[in-house]
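Laboratory data are not the source of any read-out in this text; all were calculated from the coordinates shown. Since the structure is predicted, the reported quantities are computational estimates derived from the model, not experimental observations. Cβ coordinates were reconstructed from backbone atoms using ideal geometry, including for glycine residues, and neighbour counts include every protein chain displayed.
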Amino acid sequence: MLFLDTKIILDLVSNRPPYTTFAQKIFSRSQRLKIELYVSALTIPNINYILTKVSDKKLAKQILLKIKPLINILPLNDKIIQLALASDFDDFEDAIQYYTALEHNITTLITRDLKDFKKAKISVMTAEQYLGIGGNELKS
């Protein structure tokens with residue numbers, strides 16, 4: 001099981017070289033090795049908002065419809081919000097991502113912002129680091 005930060009999904013759908021390639025490889029590996037991918041419910045509206053700023057609403061919706069079957073969306077609840085608010089994370093959205101993963105017993109979070117997760121009690125790595133693990137996918 002892998003929890004994907006919003007930026008990883010954005011990398012996949014918005015052609016951000018070289019990050020797009022890394023995101024594509026994570027999705028490819030997950031399908032090949034049957035690794036389940038998870039995101040916070042917050043990720044979907046965030047992605048939609050960002051996509052509609054650079055394209056039209058119809059295209060944003062089409063992109064989300066293509067991505068949805070590839071990911072599992074975890075609920076955002078009062079406990080996660082409370083934990084995020086009480087945390088010492090500098091970025092509230094990162095805190096929500098982290099506590100969503102923690103609340104659902106996901107032990108690996110993939111992000112581009114390692115500095116924002118310095119005090120994490122789960123494994124946090126970049127897509128590049130994860131892809132460099134080679135053969136240890138069962139840890140995730």
Discussion item. Please list, in order along region 26-40, the HN-Hα scalar couplings obtained from phi with the Karplus expression 6.51 cos²θ - 1.76 cosθ + 1.60 (θ = phi - 60°), rounded to whole Hz, x for Gly and Pro.
Written reply: 5, 5, 5, 4, 5, 5, 5, 9, 6, 8, 7, 10, 10, 9, 6
Worksheet item: Based on the mean of other beta carbon atoms within 10 Å per residue, what is the order of 120-129, 57-66, 89-98, most packed first?
Response: 89-98, 120-129, 57-66
Item to complete: Could you list which residues have their amide H under 5 Å from that of Y38, counting only those 5 or more apart in sequence or on another chain, with H placed in the peptide plane?
Response: L2, F3, L4, N72
Worksheet item: Amide H of V124: which non-local residues (sequence gap of 5 or more, or other chain) have their own amide H closer than 5 Å, using H built in the peptide plane?
Response: L109
Worksheet item: What ³J(HN,Hα) values, in whole Hz, does the Karplus curve 6.51 cos²θ - 1.76 cosθ + 1.60 give for region 87-94 when θ = phi - 60°, with x put for Gly and Pro?
Response: 7, 9, 5, 6, 10, 4, 5, 5
Worksheet entry | Lys/Arg +1, Asp/Glu -1 at C-beta; the chain dipole; positive extreme among L83, I106, L131 | L131
Item to complete: Consider all pairwise Cα distances in region 25-101 and report the whole-number % of them above 18 Å.
Response: 52
Discussion item. I need the fraction of alpha carbon pairs in the chain separated by more than 19 Å, rounded to a whole percent.
Written reply: 49
